[in-house]
Amino acid sequence: MKTYNILSIQEFKTIVGDNSRLLGIDPGKTNVGIAICDENKKVATPIKIIKKKKLVSLVDEINKIINDNHIKGIVIGNPINMDGSVGKSSKSALEFAKNLSKNIRIPIVLWDERLSSVGAFKITSFLGDNVTNRVKNLDKNAAAFILQGAIDYLNIN
């Protein structure tokens, strides 16, 4: 099945428009971090971590979040290598996006997430969170960090 809903950031911006909530996803090997933003696309909020199981159950959980929160688009973290090249993790994120696009029809964009986990970990340290909680919540906080970067870009451009 060919996928048509993985877009460039500019196409994504045009299609999702103003006043639309977005879903941020940090796809990992064992966990998938989830975040959402407000309708004005000002603040990304971490909401949950989904344990990776079968694709069907993961898609079902993501679809429930989309429907419950009136989500209009998905931002998936793309871990490009520091030198800008595409590595194993980036290929995995693209494959994840393709699999998701076969089952979810709203627009999807891949967003450069270099150092998102490091950034999310550091930000939570400034909030006074202890190391145990920072590690436990890293995936959803990384999803919020990724989504925040994308919505900041969308609001400027």
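We did not get these values from a lab; they are worked out from the coordinates using the rules stated. In this text the structure is predicted, and so the values were computed from the model without any measurement. Positions of Cβ are generated from backbone atoms using ideal geometry, with glycine treated the same way; all protein chains shown enter the neighbour counts.
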The residues Lys102, Lys72, sorted from fewest to most surrounding Cβ atoms within 10 Å, come out as Lys102, Lys72
For Lys140, which aspartates and glutamates qualify as cross-link partners when the Cα separation must be under 13 Å and same-chain residues fewer than eight apart are set aside?
Asp26
Using 0.36 nm per residue, how much length does the chain from Asp38 to Lys91 gain when fully extended, once their Cα-Cα distance is taken away?
16.1 nm
Just grab the label-to-label distance for Lys98 and Asn155, each label 7 Å out from Cα along the Cβ direction, in nm (one decimal).
3.5
Would you please give the FRET efficiency between Lys54 and Asp18, computed as 1/(1 + (r/R0)^6) with r the Cβ-Cβ distance and R0 = 25 Å, to the nearest 0.05?
0.10
Tell me, how many Å apart are the Cα centres for the stretch 11-53 and for the stretch 59-100?
9
State which entries of Lys13/Lys53; Lys13/Lys54; Lys53/Lys98 exceed 28 angstrom in Cα-Cα distance in the structure shown.
Lys13/Lys53; Lys13/Lys54
So if we plug the beta-carbon distance of His70 and Lys29 into 1/(1 + (r/R0)^6) with R0 = 22 Å, what FRET efficiency do we get, rounded to 0.05?
0.15
